[in-house]
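Worksheet: one structure, shown below.
The values are calculated or read from the model by the stated rules, or taken from the named source; none is laboratory data. Keep in mind that this is a model prediction, so the values were computed, not measured. For accessibility, only protein heavy atoms count, side chains too; no ligands or nucleic acids. Shrake-Rupley method; radii C 1.70, N 1.55, O 1.52, S 1.80 Å.
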Amino acid sequence: MVRRLLAARAGVLTERVAALAGASVVVATALVRDGRVLAAQRSRPPELAGQWELPGGRVEAGESEPDAVARECREELGTDVRAIGRLGTDLPIAPGLLRVHRAEPAPGAAEPRALEHSALRWVGADELADLDWVAADRAVLADLTELLTGR
Ligand code: DCM
């Protein structure tokens with residue numbers, strides 16, 4: 001409880017600092033289906049290629065974060081998702097902040113396809129540690145485990 005409160009406070013602070021600095025926000029999507037989360041293998045840039053991430057990208061000017069999650073998933077995965085709330089705290093990345101959003105497939109959504117990634121994989125809680133995650137996403141693995149196991 002105290003940990004969650006402190007984390008929430010830290011989140012608000014980093015958000016304010018980022019807004020002041022004009023830092024860009026990148027959203028990442030924890031798309032969960034049947035107790036597994038969708039991981040995507042990066043194809044670029046060379047230093048990140050081969051590593052796994054939660055799909056997402058930069059929030060555009062005037063766009064809400066849930067809308068950015070939906071747009072990025074359409075662009076990168078060819079599928080419709082609904083963002084249903086944040087996961088974890090803000091994570092510092094080189095261009096600004098990474099914010100993870102939980103998402104579910106929209107009703108009747110197509111099977112995700114790797115339109116911009118090298119591969120996609122539905123990952124269960126017990127397999128999360130097997131993947132070579134990009135640094136920022138590694139920090140959310142404990143929250144992802146909690147999300148997938150309900151613990
Ligand atoms: N990024 C990240 N984790 C994600 C998605 C993105 O660390 N799940 C980072 C990688 C890039 C930046 O955000 O530095 C922008 O992402 P992209 O290159 O996919 O637009």
*Rolling a 1.4 angstrom probe over the protein heavy atoms, how many square angstrom per residue are accessible across region 63-151?*
49 Å²
*Percentage relative contact order, the chain, counting C-alpha pairs under 8 Å, at least six apart*: 29 percent
*Quick one: work out the % antiparallel among DSSP beta bridges in the chain, nearest 5.*
70 percent
*Determine ³J(HN,Hα), in whole Hz, for all residues of region 106-123 in sequence, where each value follows from phi through the Karplus function 6.51 cos²θ - 1.76 cosθ + 1.60 and θ = phi - 60°; x replaces Gly and Pro.*
5, x, x, 5, 6, 5, x, 10, 7, 7, 10, 9, 7, 6, 10, 8, 7, 10
_Under 5 Å between amide hydrogens, which residues at least 5 positions from L31 or on another chain qualify, with H placed 1.01 Å from N in the peptide plane?_
L38, A103
*If one computes the Cα centroid of region 34-50 and of region 86-130, what distance in Å separates the two points?*
8 Å
*Once the mean 1/r over all distinct Cα pairs of region 61-151 is inverted, what Kirkwood radius in angstroms do you read off?*
14.4 Å
*Run the accessible area of the chain with a 1.4 Å probe and give the carbon-and-sulfur part as a rounded percent.*
53 percent
*Sum of -39500 (n - 2.57) over DSSP H runs of 4+, divided by residues of the chain (222 nm, nearest 500)*: -9500 deg cm²/dmol
